[in-house]
Amino acid sequence: MKISMSSPDLTDAERQVVMDVLNTPNLSMGDQIKRFEQAFCAYTGAKYAIGVNSGTSGLHLCVRAAGIGPGDLVITTPFSFVASTNVLLFENAIPVFVDVDPKTGNINPELVADAVKNVQKYLPRTTHIAPRTLKALLPVDVFGQPAEMDAINAIAREHNLPVIEDSCEALGATYRGRLAGTLGDFGVFAFYPNKQITTGEGGLVVTNDEKAANLMLALRNQGRAPGDTWLSHTYLGYNYRLDEMSAALGVVQMSRLEELLAKREQVAGWYSERLAELPGIEIPFVESSTTRMSWFVYVIRTQKGIDRDALAQRLEARGVPVRPYFLPIHLQPYMVERFGYRAGDFPVTEDLGRRGLAVPFSGVMTEAQVEYVCDAIRAEIVERQS
Ligand SMILES: Cc1ncc(COP(=O)(O)O)c(C=O)c1O
């Protein structure tokens, strides 16, 4: 049976709108991006939506809009995809990592509270630039589950810090009934083909802050402010524009969001039914504050006595693709080199990093495919043990 790690869920409607754009002369900055942004404003209730060409660009624009610069400190998580930290490095800011909750993998709000008060204690061993002041919090909604945003926002309010919510993995999730991505001052979504909706490549920022939104609109378009001509640039900007083909694809995907989320939830349910009782592994934990999980990946964790990497190899040999998830950010070679991190610095993150294994997951998986994957896992774990 052919099983892929992930797959987009596309129909003829998506194919048709992309073709329709190709039959016009407007391939960038036309009606489609406006429609895509309007769909997000309608869905999230945010006043402003800024479509961009990746989640990373969206996060970077938020970092610029929050005025984060060289030496500034931002509290964030080492258990994430690298982009949530990289956007700080782009501005020569210093990520201040705190460890995560062992059940969800989301940033631990108690540690955030401590780090805000005693930031010196949490600084990396070495920095390439003198540390300055604490400027923002950057929590990540890991694997489609919102971070403990009430606690994080309370800390942010008390210390007058903006919150950039990285919801790149969590479109459609709700936290105590409120949508992920709308819980901080800025929310960022991403649309790579393994995400809940895809535009091929793409991302989008939502915010209610008019000044920040206007700055981000200018920065994504080579720093052109309203009134600038094509060759005049008020700001140092980027080409972070989302093209019209991608935006058109996104409009159709957004119109199918409920269907796409429901299908992913069903696939996750098929996995959980089959794997919940299996000795030697843990299935994803859904926190009570997560009123809706938006399944992005399905990550199992091996328990003591099971070698995750050996299991991964054997599953691959059986034609089941799997991925260790995540490799901690602080132990990536460039982070070790710049900040002097060592194994043991963030034990919970490292433990999750050692035990997490993402199995094939998408909304187009069939129950038979899930069954096949689960049979392979069961065979490798139970039969090898006995
Ligand atoms: C948590 C997180 N942040 C940021 C990103 C970056 O998104 P993109 O790959 O679209 O740049 C991703 C996506 O992979 C992600 O999972």
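Charges were assigned to the Cβ only: +1 to each Lys and Arg, -1 to each Asp and Glu. The resulting dipole of the stretch 294-386 about its Cα centre is roughly 200 debye.
The charge dipole of the stretch 120-258, taken about its Cα centre with unit charges on the Cβ of Lys, Arg, Asp and Glu (plus for the first two, minus for the last two), comes to roughly 400 debye.
For the chain, the square roots a ≥ b ≥ c of the C-alpha gyration tensor eigenvalues yield an a/c of 1.5 or more together with a/b not exceeding b/c, which makes the shape oblate. Using +1 at the C-beta of Lys and Arg and -1 at the C-beta of Asp and Glu, which of MET245, THR234, PHE285 has the Cα lying farthest in the positive direction of the dipole of the chain? Towards the positive end, the residue furthest out is THR234.
Ordering GLU165, GLU259 from the fewest to the most neighbouring beta carbons within 10 Å gives GLU259, GLU165.
Dipole of the chain computed with +1 at Lys/Arg Cβ and -1 at Asp/Glu Cβ about the Cα centre; of GLY340, TRP270, PRO102, farthest Cα towards the positive end is GLY340.
Tell me whether the stretch 1-77 comes out rounded, prolate or oblate; compute the Cα gyration tensor, take square roots of the eigenvalues as a ≥ b ≥ c, and use a/c under 1.5 as the rounded threshold. Oblate is the answer for the stretch 1-77, as a/c is 1.5 or above yet b/c matches or exceeds a/b. The mean sequence separation of alpha-carbon pairs under 8 Å and at least six residues apart, normalised by the residue count of the chain, gives a relative contact order of 23 percent.
Please report the antiparallel percentage of DSSP beta bridges with both residues in the chain, rounded to the nearest 5. Within the chain, antiparallel bridges account for around 65 percent of the total. Dipole magnitude for the chain: computed about the Cα centre from +1 point charges on Lys and Arg Cβ and -1 point charges on Asp and Glu Cβ, it is near 580 debye.
By other beta-carbon atoms within 10 Å, ranking TRP230, TRP295, TRP270 with the fewest at the front produces TRP230, TRP270, TRP295. For TYR175, TYR341, the sequence from fewest to most other C-beta atoms within 10 Å is TYR341, TYR175.
Normalising the average separation of contacting C-alpha pairs (under 8 angstrom, six or more residues apart) by the number of residues puts the relative contact order of the stretch 134-208 at 26 percent. When the chain is treated as a GNM with alpha-carbon contacts under 10 Å, the residue of ALA268, ALA93, ALA276 showing the greatest mean-square fluctuation is ALA276.
Since only LEU89, THR76, ILE50 are under comparison, the one whose Cα sits farthest along the positive direction of the charge dipole of the stretch 23-92, derived from C-beta charges on Lys, Arg, Asp and Glu, is ILE50. Across the stretch 227-345, the mean sequence separation of Cα contacts (distance under 8 Å, 6 or more residues apart), normalised by length, yields a relative contact order of 14 percent. Here the Gaussian network model covers the chain, with springs between Cα atoms less than 10 Å apart; of ASN194, ASN108, ASN160, ASN160 fluctuates the most. Annotation: amide H-H contacts under 5 Å for SER28 (H modelled 1.01 Å from N, sequence separation of 5 or more, or interchain): GLU244. With an a/c value of 1.5 or above and a/b larger than b/c for the gyration tensor axes a ≥ b ≥ c computed over the alpha-carbon atoms, the stretch 1-158 is described as prolate.
Each reported figure results from applying straightforward, stated rules to the coordinates on display, with no laboratory input. The model shown is predicted, which means the values in this text are computed figures rather than measured ones. Glycine also receives a Cβ, built like all others from the backbone with ideal geometry; neighbour counts cover every protein chain displayed.
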